[in-house]
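Written out below as structure tokens is the structure these notes cover.
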Amino acid sequence: MSNPPDLVPGEPDASSEDRPSPESESRRSVHDLWLSGTEAPRELGPFTDEGAQEMLAGESPELLASQTGTLVDDDYEVSSRSADDELQIINMGPQHPATHGVLRLHLELDGETIRRVKPIIGYLHTGMEKTAEALTFMQGSTNVTRMDYLSPLHNELGYSLAVEKLLEVEVPPRAAAIRVLMSELNRIASHLLWCATSGFDIGALSMMIYGLRERESLLEFFEKTTGLRMNHNYIRPGGVAADLPPDWREDMVSIIAIVEAGLADYVTLLLGNPIFIERTRGVGILTHDECLAYGVTGPVARASGVDYDVRKVFPYSGFEQYDFEVPTTTNGDVYDRFLIRFEEIRQSIRIVKQVVETIPDGDYRTEDRKVTPPPRARIDESMEALIHHFKIFTEGFKVPAGETYQAVESSRGELGMYLVSDGGSKPWRLHVRGPSFANVQSLPMMLADSLIADTVAALASADPVMGDVDR
Amino acid sequence: MTTVPAGLVAAAAAFPEVEFESVLGDTVARASRDEVVGLLEAVRDAGFELFIDLCAVDYLSRNPRFDIAVNVVSVSQSLRLRVLVGIPGTDPQMPTVSSVYPGSNFYEREAFDLFGIEFSDHPDMTRILLPDDWEGHPLRKDIPVGSVPVQFKGANKAR
Amino acid sequence: MARPSSSPNLVTAVLDKAVHWAQTRSMWPASFGLACCAIEMMATGAAHNDLSRFGMEVFRASPRQADLMIVAGRVSQKMAPVLRQVYDQMADPKWVISMGACASSGGMFNNYALVQGVDQVVPVDIYVPGCPPGPQSLMHGILSLQEGIKAGEIVR
């Protein structure tokens, strides 16, 4: 366990309190469950009331104990309570500069210490799963790509793999390699953006300016290859939409050089900075067992010692042929998550270099004309090509009935697609398992007995993307 | 009966009514709603500790109408398991899984919100994604997508 | 700040021009980034495409201190009252740019969950199309707003 930050002397309740260690499970049980009905309605004046999920400060320590049916540790409770205590509730969001999108948090505070946290989500609910049932399988990736909008190619890859699993088609090896390349570049871009916004939230304002600079070079490459800077709709069932541009190897060399230089800058700027270390060491801890129980995956789980990366455990799209490591640490705090994400950028660069060297020639999409449209030039020449093109783009190709679950490792964790088809040309049900949904659910555990100033750091390190949470 | 992965043999033996099969490479178990909590406890104790997903599917014309799919993973054994539970449309409710996997809390609220399936003994059975005063459960198949007609500028011009 | 007058005499015309010019210089946006468009809005404010040359890089968290609300992203039914409340909290004169297809018209999500166009909730001055609009499109939208204000066409 790393050194806890020194608290200001004279602080009434927290000066004698140890920083929570990952092993003290009993303290954690206070924040296990948040029962509705423990809140009482209260006149709060005219304000927007778009949800009845209001909360009222608990009025006595017994309330917390009664939530879990366990006794709260007496020493801890009594010594930290003042005579006329009333817990205060702060509402963070949904419009807030540091909540990474429209996340609303109710924080119940005792002084500066957080007692309970209630995340309220749904402010970005777009009904994408219902829209997916109205779009054909070919159009599906336009919809899915906008869920986790910082890693759009991961969404598309998961969706395409799920559809191909039901169709039982194989994509050519070049298409698989292109998919690996694009998804690793997307991971780098997503982590760079995360670094920029997290640094900005913690207070390193210059991070925002520098962090987005390297990302621009990646977005330029994406625009050249896929046509769009974000939400690319590039990885489709059957392969990818277009081949890589002719000079992509030179682009890769220059991108890798730019990103590595930028990464060296960030490591100097952040990781050695004593203020940064104090703000992030020992903050927002999530233990190994909590990660498993709450379904937390991705860099957050790997920071707590859960050695789970879908690319290694259930490889897809040819990942098993590339040589890379999955970094894990054991402390489970915000500092570790920074370390892990920086290391993941380096490993992604390693994979990109391997793809540049080993990518095979060939088709960039499967030859099965029932699934992928024919080349545009063929339409003038061949009647079958015209008919295939017409059928695919109007009615869509039909996928055999069945259900499947396909997961990919997105920048945030395990992104899963549960796809049910009834034999028609549109999905019967598409459920997307977004990694941020589970990560946001673990926020109360992460923030248990932290100071309110740690909320932003812990939330930033969990990297929630609300499009993934609310869909 | 298809071969059950080594880690699940004990659980399969303890629940003989549950059918295990292999679908497109996934291990799928179909259980009834009375035994699903017990099965998941046995499965969790057998090493499947990482909770992944819980979602609902509405097979409109099938009986039972709804399916709940629970996805779990065993990190130590590199195995995935999907447990399917059939829920009738006339009585859409099921015992909660959150006593076994606390992470299913938000997922069950989402299934309630979008499909109307209630999970008994759930600590907080309220809507999560839609506003609290929303009526209906939009992801059910008998409810339309809710699109509004879009008028295009050239729509009324003579072609 | 003096309200622009409508009667055209020399003194007030010059005063109007001065007022309009001042209103467009360093118009501070309120941060209302919701979804993917918010990322492109951040990219517009970052170093590569720099909003700071128009004095607009400070995204005020508090709506009381902001002039311009860029609604960047899809507005769900749950978010609409919040949007209206933030808009009401802004002080006059205030402008609204609806950024992206989802904010302008509901975009590709014509379904139960989204408000089909943020102009159902707040009055909009400029619509910027795109999904998401690149930084150049957004800047074109912002500059068009500034041109419109200086020309006296957009009056608040």
Answer from A:LYS312, A:LYS353, A:LYS370 - the residue that is farther than 30 Å from A:THR268 by Cα, assigned to a helix (DSSP H, G or I) and not small (Gly, Ala, Ser): A:LYS312
Out of A:THR366, A:THR287, A:THR297, A:THR268, sole residue that is touching a residue at least 60 places away in the same chain (Cβ under 8 Å), over 29 Å from A:VAL469 (Cβ atoms) and among the hydroxyl-bearing types (Ser, Thr, Tyr): A:THR366
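Checking the condition under 30 Å from B:THR126 (Cβ atoms) and surrounded by fewer than 24 Cβ atoms within 10 Å (Cβ to Cβ), which residue from A:THR136, A:THR113 passes?
A:THR113
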Every residue from segment A:195-226 that is at pLDDT below 90 and of a type in the set (A, V, I, L, M, F, W, C): A:CYS195, A:ALA196, A:PHE200, A:ILE202, A:ALA204, A:LEU205, A:MET207, A:MET208, A:ILE209, A:LEU212
Subset tally (residues that are at pLDDT below 90 and within 11 Å of chain A (Cβ to nearest Cβ)) for segment B:114-128: 7
Wholly enclosed strands (runs of 3 or more DSSP E) of segment B:55-143 bearing at least 1 residues without any contact (Cβ under 8 Å) to a residue 60 or more places away in the chain and among the basic types (Lys, Arg): B:79-87
Single residue of segment C:38-95 satisfying the filter (acidic (Asp, Glu) and more than 8 Å from chain A (Cβ to nearest Cβ)) that is farthest from C:GLY152 (Cα to Cα): C:ASP50
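Conditions tested, residue by residue: (1) among the polar types (S, T, N, Q); (2) surrounded by 18 or more Cβ atoms within 10 Å (Cβ to Cβ); (3) touching a strand residue (DSSP E or B) at 6+ places or on another chain (Cβ under 8 Å); (4) modelled with pLDDT of 85 or more.
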position: C:LEU10; (1), (2), (3), (4): no, no, no, no
position: C:GLY33; (1), (2), (3), (4): no, yes, yes, yes
position: C:MET42; (1), (2), (3), (4): no, yes, yes, yes
position: C:PHE59; (1), (2), (3), (4): no, yes, yes, no
position: C:MET99; (1), (2), (3), (4): no, yes, yes, yes
Of all residues making up segment B:41-88, the number that are away from every other protein chain (no Cβ under 11 Å), within 22 Å of A:THR287 (Cα to Cα) and among the aliphatic types (A, V, I, L, M): 2
Scope segment C:106-148; condition within 11 Å of chain B (Cβ to nearest Cβ) and under 17 Å from the mean Cα position of the chain (by Cα); matching residues: C:GLY117, C:GLN120
Residue in segment A:101-114 that is among the aliphatic types (A, V, I, L, M), in a helix (DSSP H, G or I) and more than 10 Å from chain C (Cβ to nearest Cβ) present: no
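Would you pick out the residues in segment C:8-33 that are in contact (Cβ under 8 Å) with a residue 60 or more places away in the chain and under 23 Å from A:LEU124 (Cβ atoms)?
Scanning segment C:8-33 gives a single hit, C:ALA30.
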Every pair of residues 6+ apart whose Cβ atoms lie under 7 Å, when the first sits in segment A:400-414 and is more than 16 Å from B:VAL72 (Cα to Cα) while the second is surrounded by fewer than 24 Cβ atoms within 10 Å (Cβ to Cβ) and of a type in the set (Asp, Glu): A:ALA401/A:ASP422
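Residue-by-condition table, conditions (1) surrounded by fewer than 19 Cβ atoms within 10 Å (Cβ to Cβ); (2) closer than 27 Å to B:ALA46 by Cβ; (3) within 14 Å of another protein chain (Cβ to nearest Cβ):
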site: A:GLU260; (1), (2), (3): yes, no, no
site: A:LEU263; (1), (2), (3): no, no, no
site: A:TYR266; (1), (2), (3): no, no, no
site: A:LEU271; (1), (2), (3): yes, no, no
site: A:VAL283; (1), (2), (3): no, no, no
site: A:THR287; (1), (2), (3): no, yes, yes
site: A:GLU290; (1), (2), (3): no, yes, yes
site: A:ALA301; (1), (2), (3): no, yes, yes
Single condition A:ASN439 does not satisfy, out of (1) among the polar types (S, T, N, Q); (2) over 24 Å from the mean Cα position of the chain (by Cα); (3) over 22 Å from A:ALA132 (Cβ atoms): (2)
Residue selected from segment B:2-42 under the condition surrounded by fewer than 18 Cβ atoms within 10 Å (Cβ to Cβ) and polar (S, T, N, Q), by the criterion nearest to A:TYR405 (Cα to Cα): B:SER22
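The values are calculated or read from the model by the stated rules, or taken from the named source; none is laboratory data. Nothing here was measured: the structure is a model prediction, and the numbers come from that model. Every residue, glycine as well, gets a Cβ built from its backbone with ideal geometry; the counts of neighbours run over all protein chains shown.
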